[in-house]
Amino acid sequence: MKVWKKMLAVLLALSLAGTAAPASAFAENGTKPEETAEPETGESVEFVTPQEGEKQAAAPARTVVEGYTMLTAGQELHQTTGEREIYKFSPEQSGYYNLSCDSVNGQEFRFEAEKCIYYTEDETGNPVQDEISLYRNVTAQNMNRIVWMNQEEEYIFCCSSNQYYETDEYDFKIRIDKAAIKDITAVQKPTVDSYEFINYAGMQVSVNFQDGTNILSEVQSNRYNNSCYIEVFEWQNIAYNRQNKIWPYAYLQSVDEVENGNVNVSELSPGSHTAVLQLREEIYNEDGTTETKPYDFQVEFTVNRGNVASIQVKDKIYPGF
């Protein structure tokens, strides 16, 4: 019996030693083999697959400050959501810029010039931030607006899908580029005939830049003075402290080399005629004076008479009516 008890004691000791060895080894090592130490910064680490890494490298950088995506002249950004996103632009130089937005996949967007942030000083000379609301927007699949912006100001723009689409494939391409205007030309004459006034419907003008690029703009007719409204310049007053601006109206100067004051469109002979239109830039000098820089361009238009051949009474008037 004593021998049997001794054997049980030996077996129990061996069993306890087998379980204690791994525990003591973990205590000495301090880290389980399958565990990895946390980064010293405490920040989470995001693992990116090679394919995802290529996409991230190809995408343009988007700098977000205070909820705004910062725009930089010459940079192309792609908004891939229909939700309203806010953009801020701080010009490095005062001057004209071409603000463009294009819907790559064909959805209609709403692009807004929301506000201009400018700075003044209080009575102690400390800077004070002010802002004005702009209330300008375009609803389209593509747009260009040439605007003059001040280096000392900031501009807030917004872009969103104009309606709900059953898709996640949004791609609104947004750019701001410096715009040094060389001249303006008419590249599409009016597509309708003129009768009592010059009808510019269907006409397109090309705004040509010094670097050889250009953009096209639609126009709208103004029948009361034979002028037209060039849409690309309609945001001419978004800067608070303006030094330059281009009026969006192009005024009739002459028809067939006859000055506008002596032109009556209804008296022109039927057929083709040539008009000279003038767009005007206002330049504000530091001494308080103002200069006007003209941009003249020609456009052909067609006059039609629409003469009445005959008049016929279809129904007589009965007495008592």
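Per-structure values
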{"item": "Heavy atoms of Phe157: accessible area, 1.4 Å probe, square angstrom to 10", "result": "0 Å²"}
{"item": "Fraction of accessible area attributable to carbon and sulfur, segment 68-123 (%, probe 1.4 Å)", "result": "39 percent"}
{"item": "Rounded percent of accessible protein surface that carbon and sulfur make up, segment 145-255, 1.4 Å probe", "result": "39 percent"}
{"item": "Packing-based order for 132-142, 171-181, using average beta carbon neighbours within 10 Å, highest first", "result": "171-181, 132-142"}
{"item": "Top positive-direction residue, dipole computed over segment 168-321 with Cβ charges, set Ala179, Val192, Gln312", "result": "Gln312"}
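The values are calculated or read from the model by the stated rules, or taken from the named source; none is laboratory data. Since we're looking at a predicted model, the values are computed, not measured. Note that each Cβ is placed from the backbone with ideal geometry, even for glycine, and that neighbours are counted across all protein chains shown. Note: accessible area is taken over every heavy atom of the protein model, side chains too, but ligands, DNA and RNA are not part of it. Shrake-Rupley method; radii C 1.70, N 1.55, O 1.52, S 1.80 Å.
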